[in-house]
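First comes the structure, then the notes that go with it.
The values are calculated or read from the model by the stated rules, or taken from the named source; none is laboratory data. In this text the structure is predicted, and so the values were computed from the model without any measurement. Reconstructed Cβ throughout: ideal geometry from the backbone, glycine too, with neighbour counts over all protein chains shown.
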Amino acid sequence: MKIWHTYCMFPDLSKIYRSISKLMSFVLLITFPASQVMAQPIASYAANSVTLPPVGAMISTTPAFEPALIKGVTVFPDNPLRFDFIVDTGDTDLEGDALKSESNKLIKYFLASLTVPEEDLWVTH
């Protein structure tokens, strides 16, 4: 009966893993408590820098904002892949390249929504 032996190129690999594991445990043992001690001054600074209204004070709503929206689409029967989009700038005051960029983004969202199968659409009633 022959017995096959496996040859290990790194026979002491388990010792290396064990020492790395011990080193990582030590680093974590030091890092977590140190982060808690060092985070307290940062948290107190953040709490003091935010100005909040006093407790129980009435908070008014912000003014209404209307973003740029696609208000209409023209579909051409002779060329069903051609669309004209009516884009309302809303309260954004966009002009030139900024308006073109925002319009392209809205149009891409619209066209992407056309590719979603009807059974995958979710609408809140």
Q) Quick one: Asn48 ticks every box in (1) at pLDDT 85 or above; (2) surrounded by fewer than 10 Cβ atoms within 10 Å (Cβ to Cβ); (3) not aliphatic (A, V, I, L, M) bar one, so which box is it? A) (1)
Q | Failed criterion for Ser103 (all others in (1) modelled with pLDDT of 90 or more; (2) on the phi < 0 side of the Ramachandran plot; (3) exposed (fewer than 10 other Cβ atoms within 10 Å of the Cβ) hold) | A | (3)
(Q) I'm trying to understand the selection: among the residues of the stretch 62-85, which are in a loop (DSSP other than H, G, I, E, B) and either at pLDDT 90 or above or under 26 Å from Leu114 (Cβ atoms) (or both)? (A) Ala64, Phe65, Glu66, Pro67, Ala68, Pro77, Asp78
(Q) So, in the stretch 86-125, how many residues would count as being under 21 Å from Thr74 (Cβ atoms), outside any loop (DSSP other than H, G, I, E, B) and out of contact with any Lys or Arg (no Cβ under 6 Å at 6 or more places or on another chain)? (A) 16
